[in-house]
Every structure is written in C-alpha cells, then in structure tokens.
Amino acid sequence: MSGEIVEAQGLSKLYRKGRLDVPALRLATLSVQRGEFVTIMGPSGSGKSTLLYMLGCLVQPTGGVYRLEGRDVTRLRGDEVAQVRCSRIGFVFQSFHLLPGLSAQRNVELPSLYKGRTRFERRERARKLLERVGLGGRLGHRPGELSGGEAQRVAIARALMNDPVLILADEPTGNLDSVTGREIVALLRQLSEEERAVVMVTHDAEIAGHWTDRVLHMRDGVLMEG
Amino acid sequence: MGFFDALQTAMESLARNKLRSFLTTLGVIIGVASVIVMVALGHGAEEAVRSQFRGLGSNELTVVQPIRVGVEGSVRPARPITFEEARGLKDLPSIASVKVSLAGGGKVVRGRESLDSVSILGVPADWNIDQDPNYVAVGEFFGEYDVEDRARVAVVGKTVAEHLLPGENPVGQEIRINRLRFLVIGVIRELGRPDPRVDPNNQVLIPITTATADLFGKDRSVSVRVQVRNEREIDAVTEAIESYFREAHDIPPDRQVDVEVFGAREVTRAQQEAAATFALLLVGMAVVSLIVGGIGIMNVMLVSVTERTREVGVRVAVGARQRDIVVQFLIEAVSLSLSGGLLGVAAGILSIPSLTSYKPGLAAVLTWQSIPQASIVALLVGIVFGLYPAVRASRLDPVDALRYE
Ligand SMILES: Nc1ncnc2c1ncn2[C@@H]1O[C@H](COP(=O)(O)OP(=O)(O)OP(=O)(O)O)[C@@H](O)[C@H]1O
Ligand SMILES: [Mg+2]
C-alpha cells in the first residue's frame, strides 16, 4: 500500500491572548507519504509542537484542511476525534509521559483500554511490543526504575499498541544522551519503513540530516520545505 | 474504557494514597454511622413506648398528669392524682372498672443480701381480682384492711424470693424496701417474659397507700387505667373524667384541667408525632453530615485532578474520550463514598452494643433496610460531589495538560 497519509493545506492556528491574536501556525501545507520519515526543525516558539499536535488531532486548526488517510478530520465530533487518535495515531514525547504508577507493560497497554480488546490480547501484545523494543526483561518495572532510553522505548511501544499509521514524536531525543538518542531515532526509522509515516520534531541537525527522508523548517509559524 | 478497567484504575489510584483516601471517607463514615445508630435508637424508643402502652385496649383510657411548663419556663407540677380520687372514678357512669397503681423502683434488702432496681408496685387489694386465680403461689395477697392501714406488707415476685429468701418459706420473713421494713405475706407465681429485657418476676407488690405515704411521696400521681363499658362511650367518658378532676382539683372553668385522658387513639397519635419529629431531626442530621462528607470527597477529587493533569493529557492523547475521563474520576469518587458508607454501616452496627451497655436504659433496634439505604445514599453522594471534579478533568485542554509540570 502506498499513498498519502498526511495531506494538509493552509493549516493555521491563532491563539487569542487577551485582545492580541498570536499566530502560532500560518498556512502550513504539507503531505507525508506512507513509509516516510519527516523531521521538522526550527527555533523555539516557532510552532513545531503546535503543528505536530494538530496532525495528532489534539489541536483544532483555526483554518485550513487536514486529511488523514484521505479523510477530513477537522470537522469531526469529540468522540470521533478520540477514535482517530486511538487507532490511527501514536505519540512519543520528549519527557516520555509514562504513568508513574503503572508497570512498563501496563503503560504499553494503555491505548488499548480505549479500544476494547480482551485483557489477554492486551497483555500479549504489550509483551511482544516490549520485546520488540528490546525490553522483554523489563515488563514489570515502573517508569521510575527505568533509564531515559528505556523509558522512551516503553513510550514507543505504547505508541505502537493500537497499530497506528502515523507516529508523531516531539523531540523524542531531547532528554537523552546522543548515543541513546540515536538508538531511539533508529527505532523510529524502522517503524517508518513498516508502512507507516513518522513525523518528528528535533533540534539536532545531524540526526535530521542522517536519519530522515525530508527536513522541514519552521520559523514564526511558517513552514518551509528544505 | 470498560467498567472493570475503570474500576481497577480507580482502585489503584486510591490505593496509592491510602491515608488520604481513608481520611476523605471519614466524613461519610461518621455521618452514616451516626445515622445508623440514631435510626436504631429511634426504633428502640418507639418499641419501648409501644410496649409500655401495649395492652391499652380500644376501650381503655389512661389518665396522666402532664408536666406543665409555666410562662417563665419553670416546670410546675400540677396537683397529683391521688389514689382516692382515682378510686372515685368507679362511680362515674359507663365505667366498667378502674385499675390504679403506683410504680417505682427500689432496693430490696434482707440480711446481707440485696437486690438493686427492683420494680416496686403499689396496688389496691383488688389488683388481681377476676384475672388469675393462681396468681399468688405461696401465702396470700393483702386485703382491703391492709390498704386502709397502710400496712407494711409485701407480696414478692419469684426472682426476689429466690434471691433474698432462698431455701426457706418466704412467708413471714422480713425484708427492707428502701430501708423500710416489710413483712412478706405472699409470693407471686412465676410470670412469663414476653420482653427479654424486662423480668416481670423482679417485682414487689405493696399496698398503694403505703407506697404513696411511705415510699414514693405524696406528690406523685398514681397511674390510672379506666375500662369503658362500651367503645362508643369513650368520648363521653373522657369528658366525664375531665370534669370529675376539674371538680376534685378545684379548677375554675376558665382554666384547663390539670389531667390528660389518653386512649389508644391518642397514644398512637402522640407516638406518630414523636416519630415524625424524630425522623425530621434524623434527616436533617443525615443531610448535614453527608454534605460535609461529600464536600470532603469533592475537595480531594479536585486535588487529585490537579495532581493528575498530565495523566489526563496522556490518556486523551492515546485515545480516551471525554466520557472515559468523566467515568474514571466518577468511579473514584463513588468508590470513596461507597466504601465510606459501608464502613459507616459497620461502625454504626458495631458501636450499638457498647452504647446500650453503657446506658442500659437505651434500647436499640437495628433494621436491615438501613444497610441498602445507606449504600444508596452514599452512592448518590459520590455521584453528586464527584461529578464536578470529573467533568472538570474531562474538559482539560490535552496540550496544556501534557505541558503541565
Ligand atoms: N495554548 C496556547 N495559548 C497561547 N499561545 C500558545 C499556546 N500554545 C502555544 N502557544 C504559542 O504558540 C507558539 C508556538 O508554540 P509551540 O509550542 O508550537 O513552539 P515550538 O516550536 O514547539 O517551541 P519549542 O521548540 O520551544 O518546543 C508560541 O509562541 C507559544 O507561546
Ligand atoms: Mg515544542
């Protein structure tokens, strides 16, 4: 299967601060193909996260059209958006965002709680995913008992739990040393080669240049190719 | 998210803050426990009143002396109903019989043995006439002359006889009631015990005149039960009794007579009024304590939502619907209030025996209905006070929540 996963045209976001309109995103247009690994770079405050969260249906655009796998997702109801997030999208964050009270395995299971699979299926799949990211021996560990690299692997396994087509990673290496960071990016690269698309925000030009297919730049809310 | 997953999530989150969860439920625990205790005491009191007036037949009246509270708030006892006055009721028309007695408690002593809190009943000589031919098992009952002479004679119950006069013929022995000497002239046969809390054999009967003059004082009213010939004449007899006492007590026509005549009807009504007042009090107490408990739960849930802002963000990011978030926090609040309710029921039930043993006069009757009632109320408290924090959690902006430190 080939084709466009992300198809966005003229996406905009205005934040209203008092009487001031702050444009966080101005007419961003981009498309991402299946199997592609795209990076977004740019200075702090330029709107990278805003774009990424918009692609993940966590932020509603104030203008423009966004099609995910050909379906316009900008006009969906709350429950439908949740459904899209649940089964089509996987998030990876800079500070991992694992739930501290749950074991690695239960953290990975989390997205499937909202998809309604049996307990047994959930457990099996979470175990397999953790094995796949090299943490087969850490199933019962709490996030506090894991290193940063391990925690990010758990987070990636969690993003894969409901088998999404689009993985969105916001500075996934930001809290890791460069060796560990490279391992994580290599893992994301692998995922993009499995019929998925990966969009990653990073500040590391070397990573962006070496590992990814395409680099987009952002400045003051404007997205530029190359 | 399925219900059991939501329940598991809620339980785990509560277990992570055990002390806090317990302290939060304490309000509900105490509220529910005190309501359980009060309901039981209320039923007990009702039962006690009912048993006191049990046997007050539909054609019976009782005459009592109300305690009047004067304008200046002082308690002004009315002129007491004397034995002679009560006996005189017999001559009124339509009255079949009049039963007069004066009850009190006392300490009965013989030699070195003694019995506390024996029921001492002053009665006339015809007390047991036409009822039970074998009423007196040993010896005899006192006669009209004993009553006239205020004789210091006593007919004792089985329990008293066995305790104070074991292994001998009680008749002819001497006992002391509240330090006064009495001659035992008879023993009552063993009486049945319909109420296990009361021993009817633990009593001593003495002439009513002796009781009034020597034991209980002249200012106490005797209790009177009037048997009316025909039920239809109840109202007429009531009026007749009132005007009888108006004359006997010299009450001018412009003032209220100083006795009250009660029939089964009035007793029921008074009882219902008392029960209604009590129920109102109880509902007030329950409402106040549950509001306090509910506010405690709401407060802790708001804290919990704030603490777990990031968790909410994560859950929304991985696909939770608003509804899932509401349900998760609501189940948590309901778990708190419901476990508080159940613990409160247990605490209430467990505290009743120690309460009644501390004050033996208290009677408590537990009804099983209070358990489901308390549970339902606790459930509602959880829903009502958990809803706002839960909705608030579900309205969090996920991006802000994920950025929240
Ligand atoms: N909820 C919000 N309300 C108002 N303004 C916001 C909000 N979220 C983001 N912004 C503004 O939008 C702009 C873009 O923010 P964004 O987080 O997308 O930047 P970024 O490129 O991800 O920066 P960084 O590299 O520091 O993460 C910033 O000026 C920010 O202040
Ligand atoms: Mg950012």
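The values are calculated or read from the model by the stated rules, or taken from the named source; none is laboratory data. None of these values were measured; they are calculated from a predicted model. Positions of Cβ are generated from backbone atoms using ideal geometry, with glycine treated the same way; all protein chains shown enter the neighbour counts. Quick note on the areas: whole protein, heavy atoms, side chains included, nothing else; ligands and nucleic acids left out. Shrake-Rupley method; radii C 1.70, N 1.55, O 1.52, S 1.80 Å.
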If I ask for residues that are more than 17 Å from the chain's Cα centre (by Cα) and either within 12 Å of chain B (Cβ to nearest Cβ) or more than 16 Å from ligand 1 (Cβ to nearest atom) (or both), which ones from the range A:47-98 would you list? A:65, A:70, A:71, A:72, A:74, A:75, A:76, A:77, A:78, A:79, A:80
Candidates A:164, A:143, filtered to the one that is touching a residue at least 40 places away in the same chain (Cβ under 8 Å), more than 13 Å from residue A:129 (Cα to Cα), surrounded by fewer than 21 Cβ atoms within 10 Å (Cβ to Cβ) and within 13 Å of chain B (Cβ to nearest Cβ): A:143
Does the range B:310-326 contain at least one residue that is more than 19 Å from residue A:77 (Cα to Cα) and either within 43 Å of the chain's Cα centre (by Cα) or more than 11 Å from chain A (Cβ to nearest Cβ) (or both)? no
Qualifying residues in the range A:99-115 (those that are in a loop (DSSP other than H, G, I, E, B) and open to solvent by less than 50 Å² (accessible area, probe 1.4 Å)) - the one farthest from the other protein chains (Cβ to nearest Cβ): A:103
Out of all the residues in the range A:199-209, is one or more more than 14 Å from chain B (Cβ to nearest Cβ), away from ligand 1 (no atom under 16 Å from the Cβ) and in a strand (DSSP E or B)? no
Do you know which residues across the range A:13-33 are within 30 Å of residue A:195 (Cβ to Cβ) and open to solvent by less than 50 Å² (accessible area, probe 1.4 Å)? A:13, A:25, A:28, A:30, A:31, A:32
Matching residues, the range A:177-206, being within 16 Å of ligand 2 (Cβ to nearest atom) and surrounded by 17 or more Cβ atoms within 10 Å (Cβ to Cβ): A:199, A:200, A:201, A:202, A:204
Looking at (1) open to solvent by 80 Å² or more (accessible area, probe 1.4 Å); (2) farther than 15 Å from residue B:297 by Cβ; (3) in a helix (DSSP H, G or I), can you tell me which one residue B:368 breaks? (3)
Among the residues of the range B:339-365, write down those that are of a type in the set (Val, Ile, Thr) and not in a helix (DSSP H, G or I). B:365
Scan the range B:91-127 for residues that are closer than 22 Å to residue B:146 by Cβ and among the hydrophobic types (A, V, I, L, M, F, W, C) and jot them down. B:98, B:100, B:102, B:103, B:108, B:109, B:118, B:120, B:121, B:123, B:125, B:127
Name the helices (runs of 4 or more DSSP H) wholly within the range B:1-94 that hold at least 2 residues that are at pLDDT below 85 and either over 23 Å from the mean Cα position of the chain (by Cα) or of a type outside the set (Phe, Trp, Tyr) (or both)? B:18-53
Residue count for the range B:371-405, restricted to those that are part of a helix (DSSP H, G or I), more than 16 Å from ligand 2 (Cβ to nearest atom) and not polar (S, T, N, Q): 21
Of the numbered conditions (1) within 12 Å of ligand 1 (Cβ to nearest atom); (2) open to solvent by less than 40 Å² (accessible area, probe 1.4 Å), residue A:38 satisfies every one except a single condition; which is it? (1)
Test result for residue B:187, assigned by TED's automatic domain parsing to the domain that holds residue B:89, in a helix (DSSP H, G or I) and on the phi < 0 side of the Ramachandran plot: no
For the range A:1-73, which strands (runs of 3 or more DSSP E) that fit wholly inside it have 1 or more residues that are away from ligand 2 (no atom under 13 Å from the Cβ) and touching a Pro at 6+ places or on another chain (Cβ under 8 Å)? A:4-17
Taking the residues in the range B:222-267 that are free of Cβ contacts under 8 Å to residues at least 40 places away in the same chain, part of a loop (DSSP other than H, G, I, E, B) and open to solvent by 60 Å² or more (accessible area, probe 1.4 Å) as candidates, determine which candidate is farthest from residue B:101 (Cα to Cα). B:254
Could you count how many residues in the range A:208-222 are within 16 Å of ligand 2 (Cβ to nearest atom) and open to solvent by less than 30 Å² (accessible area, probe 1.4 Å)? 4
